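The values are calculated or read from the model by the stated rules, or taken from the named source; none is laboratory data. Quantities reported herein were computed from a predicted structural model and do not represent experimental measurements. Glycine also receives a Cβ, built like all others from the backbone with ideal geometry; neighbour counts cover every protein chain displayed.
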Amino acid sequence: MPANEQEINYEFFKEHLPELLADPLKEGKYAIIYDKSVKGLYDTFAAAYRVACLQFVKDFIVQQIIDESKVNNFLSPVVLL
């Protein structure tokens, strides 16, 4: 089953993340990924999302350029009532 465009764009992002992280000016920015290329970098998710919605309408993704090993994830405990 072929992947959808967003999955293809996400794979592109993961593949190119080390290159993006190599530039300290890009780290922490939000990238618009569309048609397997970086279409812009923005300081906030809201700014990137707004531009992407106006330019591409669908099939884009917005990803923060950050080393995933430095991300802390917290899960809330399951509470039984």
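Say whether the condition of being modelled with pLDDT under 95, closer than 23 Å to Ala3 by Cα, in a loop (DSSP other than H, G, I, E, B) and out of contact with any Gly (no Cβ under 8 Å at 6 or more places or on another chain) is met by at least one residue in the stretch 24-32.
Within the stretch 24-32, not a single residue is modelled with pLDDT under 95, closer than 23 Å to Ala3 by Cα, in a loop (DSSP other than H, G, I, E, B) and out of contact with any Gly (no Cβ under 8 Å at 6 or more places or on another chain).
Can you confirm whether the stretch 54-65 contains a residue that is loosely packed, with under 13 Cβ neighbours inside 10 Å and aliphatic (A, V, I, L, M)? So that I can check it myself, show each step before the final result.
Here is the first cut: in the stretch 54-65, the ones loosely packed, with under 13 Cβ neighbours inside 10 Å are 54-55, 57-58.
Now drop any that are not aliphatic (A, V, I, L, M), which leaves 54, 57.
Among the residues of the stretch 54-65, at least one is loosely packed, with under 13 Cβ neighbours inside 10 Å and aliphatic (A, V, I, L, M), which makes the answer yes.
So the check is Cβ under 6 Å with 6+ separation or different chains; which pairs have a first residue in the stretch 1-28 that's over 16 Å from Lys39 (Cα atoms) and a second one that's of a type outside the set (A, V, I, L, M, F, W, C) and surrounded by 11 or more Cβ atoms within 10 Å (Cβ to Cβ)?
That search, which allows pairs on different chains as well, returns Leu21/Glu27.
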